[in-house]
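The values are calculated or read from the model by the stated rules, or taken from the named source; none is laboratory data. Owing to the predicted nature of the structure, the values given are computational and were not obtained by experimental measurement. A quick note on method: Cβ atoms are made from the backbone with ideal geometry, for glycine too, and the neighbour counts reach across all protein chains shown. Note: accessible area is taken over every heavy atom of the protein model, side chains too, but ligands, DNA and RNA are not part of it. Shrake-Rupley method; radii C 1.70, N 1.55, O 1.52, S 1.80 Å.
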Amino acid sequence: MDYTNFIDVATRYHLRDTLPRRYIFAQLEKGIVHFPALLQNCFPAGIEESTVYRNIDLFRKAGLVTETGTGKNRYVQLVSDLSDHFHHLRCESCGKTVSFDDDILEGLLKTIARKNSFSTVSSHTIEMLGRCLECQSATSSES
């Protein structure tokens, strides 16, 4: 989905155009956002935590965002297409998150869906946890 500006998005998803929503949307346009960082970035703009939570929930219900992780390890990102899928690698140490696409994985997921009597799957989220090379190297050099 091409987000030309928030007014287009608000119109398409029947959302009121408010300054907090514009600001939160602008933060999400940067890519995958760690939820605590989103809260921290909104605070100087005068946007309270409850407003961020409420708007992220509204964006999720409208199909604008997807969330991975839970609690302090929660990440949010704008969807690029309503029928999109999300594959993430996330470092357990530093929180670095990388999105990836893989045709072999997509084929495997379609096979799994068929084997379980699903003709179509509209979306999916896969999050793999591990350590990035930087954190792995840092741990190795400390030993």
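Laid out as a table, the results:
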item	result
Within a Gaussian network of the chain (alpha carbon springs, distance under 10 Å), most fluctuating of 89, 78, 133	133
Residues with amide H under 5 Å from that of residue 74, placed H, sequence gap 5 or more	35
Label-to-label distance, nm, for residues given as residue 141 and residue 60 (7 Å Cα→Cβ offset)	3.8
Hz values of 3J(HN,Hα) by residue in region 106-112 - Karplus curve (6.51, -1.76, 1.60), Gly and Pro given as x	4, x, 4, 5, 5, 5, 4
Exposure of residue 132 as accessible area (Å², to 10), given a probe of 1.4 Å and all protein chains	20
Proximal aspartates and glutamates relative to residue 110, as straight alpha-carbon distance under 15 Å, when same-chain residues fewer than 8 apart are discounted	84, 101, 102
Mean projection area, nm², convex hull over Cα of region 1-115	8.5
Nearby lysines by direct alpha-carbon distance to residue 30 (threshold 30 angstrom, same-chain neighbours under 8 apart not counted)	61, 72, 96
Rounded if a/c under 1.5, otherwise prolate or oblate - region 54-142, Cα gyration tensor axes	oblate
DSSP beta bridges in the chain [antiparallel fraction, %, rounded to 5]	60
Of 14, 124, 34, the one that fluctuates the most in a GNM where the chain has Cα springs shorter than 10 Å	14
Highest average packing first - 115-122, 43-50, Cβ atoms within 10 Å	43-50, 115-122
Where labels lie 7 Å past Cα in the beta-carbon direction, separation of residue 92 and residue 113 in nm	3.0
All lysines inside 23 Å of residue 115 as judged from Cα atoms, apart from same-chain residues fewer than 8 positions distant	none
